Amino acid sequence: MICVLVVDDDRLLRQMAARLLEHAGYAAVPVGSAAEARAVLPTRPDITVALIDVLLPDMSGLDLAADLRRLAPGLRVAFMSGFSDDHFERPVDEPCVMKPFTMEELMKGIKEALDRSS
């Protein structure tokens with residue numbers, strides 16, 4: 001089973017994303033900060049994808065993605081953002097799910113992340 005690390009400081013959004021992922025057949029590990037994500041990832045080798053909010057209070061989502069990939073080189077990444085693409089810079093190769101999102105939009109972002117080489 002594919003396991004997704006969901007990183008967002010908004011508790012309700014994080015829980016909603018985790019429930020949607022579980023409903024779609026994925027396992028989900030929701031965490032509320034970059035520090036939590038860095039602590040959890042080494043203990044969960046089953047995590048395949050990280051779904052990361054671009055703006056986290058303790059570090060940028062882009063920086064967190066780089067940190068997590070150092071811990072788990074094969075990790076796939078998708079971002080979440082409440083801002084349009086014009087308001088932040090992100091790697092071109094990473095999918096971004098715009099908030100608020102539908103289940104279909106979330107699944108599309110996860111599928112795109114899984115389809116990419118890390």
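The values are calculated or read from the model by the stated rules, or taken from the named source; none is laboratory data. Nothing here was measured: the structure is a model prediction, and the numbers come from that model. Counting neighbours? That spans all protein chains shown, and the Cβs are built from the backbone with ideal geometry, glycine included.
A compact table of results
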{"quantity": "Qualifying residues in the range 29-77 (those that are out of contact with any Asp or Glu (no Cβ under 9 Å at 6 or more places or on another chain) and of a type in the set (Ser, Thr, Tyr)) - the one nearest to Asp8 (Cα to Cα)", "calculated": "Ser60"}
{"quantity": "Residues of the range 59-69 satisfying the condition of being buried (at least 22 other Cβ atoms within 10 Å of the Cβ) and either hydroxyl-bearing (Ser, Thr, Tyr) or at pLDDT below 95 (or both)", "calculated": "Gly61"}
{"quantity": "Residues located in the range 29-47, provided they are touching a helix residue (DSSP H, G or I) at 6+ places or on another chain (Cβ under 8 Å) and either of a type in the set (Lys, Arg) or under 17 Å from Gly61 (Cβ atoms) (or both)", "calculated": "Val29, Pro30, Val31, Gly32, Ala34, Ala37, Arg38, Leu41, Ile47"}
{"quantity": "Cβ pairs under 6 Å, 6+ apart, first in the range 49-60 and over 22 Å from Asp115 (Cβ atoms), second not in a loop (DSSP other than H, G, I, E, B)", "calculated": "Leu56/Ala34; Asp58/Ala34; Asp58/Ala35; Met59/Ala34"}
{"quantity": "Some residue of the range 48-56 being out of contact with any helix residue (DSSP H, G or I) (no Cβ under 8 Å at 6 or more places or on another chain) and of a type in the set (S, T, N, Q)", "calculated": "no"}
{"quantity": "Qualifying residue in the range 95-108 (condition: modelled with pLDDT under 95 and farther than 18 Å from Arg11 by Cα)", "calculated": "yes"}
{"quantity": "Test: residue in the range 21-44 that is hydroxyl-bearing (Ser, Thr, Tyr) and surrounded by fewer than 16 Cβ atoms within 10 Å (Cβ to Cβ)", "calculated": "yes"}
{"quantity": "One residue from Ala35, Ala17, Ala50 being farther than 16 Å from Cys96 by Cβ and at pLDDT 95 or above", "calculated": "Ala35"}
{"quantity": "Residues of the range 45-58 classified as surrounded by fewer than 16 Cβ atoms within 10 Å (Cβ to Cβ) and farther than 15 Å from Val29 by Cα, total", "calculated": "2"}
